[in-house]
Amino acid sequence: MGELEDAVMTRVWKWNRPVTVREVLEDLQQERSIAYTTVMTVLDNLHQKGWVRREAEGRAYRYEAVSTRAAYSAALMNEAWSQSDNPAAALIAFFGMMNEEQRRTLRDAIRIAQGPETPAPGPGSETDTDER
């Protein structure tokens, strides 16, 4: 995704509702000089790439994100990682770039992804094969 596409998608994700070209344009114009047709073209490109869906409203469209920013970030990370000739080394280098807060977040994410751990049965505990 290019810089302008990212700027547009950032707004679509942040607002989390269907948006018009005009709304995105007015917000972008607070930061830069940009034409209506440029924003319209970017949103059309994002639609063609599958990042937004659109629904006609009169003579215009309302655009809505197809997935979350988190899903987009995950896809980018997965793509970069899968292109590495040494995935383990790439992960180690990536982890080495993280600050302590990011490492804590990673540990929390791994715990969530693994799901709740089932404690090993202790002495005297019942199992599915025990007769009752």
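The values are calculated or read from the model by the stated rules, or taken from the named source; none is laboratory data. Treat the numbers as computed from the prediction; the structure is a model and nothing was measured. For neighbour counting, all protein chains shown are included, and Cβ atoms are generated from backbone atoms with ideal geometry for every residue, glycine included. Side chains included, ligands, DNA and RNA excluded: accessible areas come from the protein's heavy atoms. Shrake-Rupley method; radii C 1.70, N 1.55, O 1.52, S 1.80 Å.
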*What number of residues within the stretch 34-52 satisfy the criterion of being out of contact with any strand residue (DSSP E or B) (no Cβ under 8 Å at 6 or more places or on another chain) and modelled with pLDDT under 95?*
2
*Are there any pairs with C-beta distances below 7 angstrom linking a residue in the stretch 33-61 that is over 14 Å from D6 (Cβ atoms) and without any contact (Cβ under 8 Å) to a residue 24 or more places away in the chain to a residue that is open to solvent by 70 Å² or more (accessible area, probe 1.4 Å) and of a type in the set (G, A, S), with the two at least 6 apart or on different chains, and if so which?*
none
*Of all the residues that make up the stretch 36-79, how many are under 14 Å from R22 (Cβ atoms) and among the aliphatic types (A, V, I, L, M)?*
5
_For the stretch 59-78, check the following and say yes or no: at least one residue is among the acidic types (D, E) and out of contact with any Lys or Arg (no Cβ under 6 Å at 6 or more places or on another chain)._
no
*Look through the stretch 88-132, keep the residues that are exposed (fewer than 10 other Cβ atoms within 10 Å of the Cβ) and of a type in the set (A, V, I, L, M, F, W, C), and return whichever of them is modelled with the lowest pLDDT.*
A120
_I'd like to verify a number: residues in the stretch 62-90 that are assigned to a helix (DSSP H, G or I) and either without any contact (Cβ under 8 Å) to a residue 24 or more places away in the chain or of a type in the set (S, T, N, Q) (or both), how many?_
16
*So which residues in the stretch 10-38 are part of a helix (DSSP H, G or I) and closer than 23 Å to S73 by Cβ, if there are any at all?*
T10, R11, V12, W13, K14, W15, V24, D27, L28
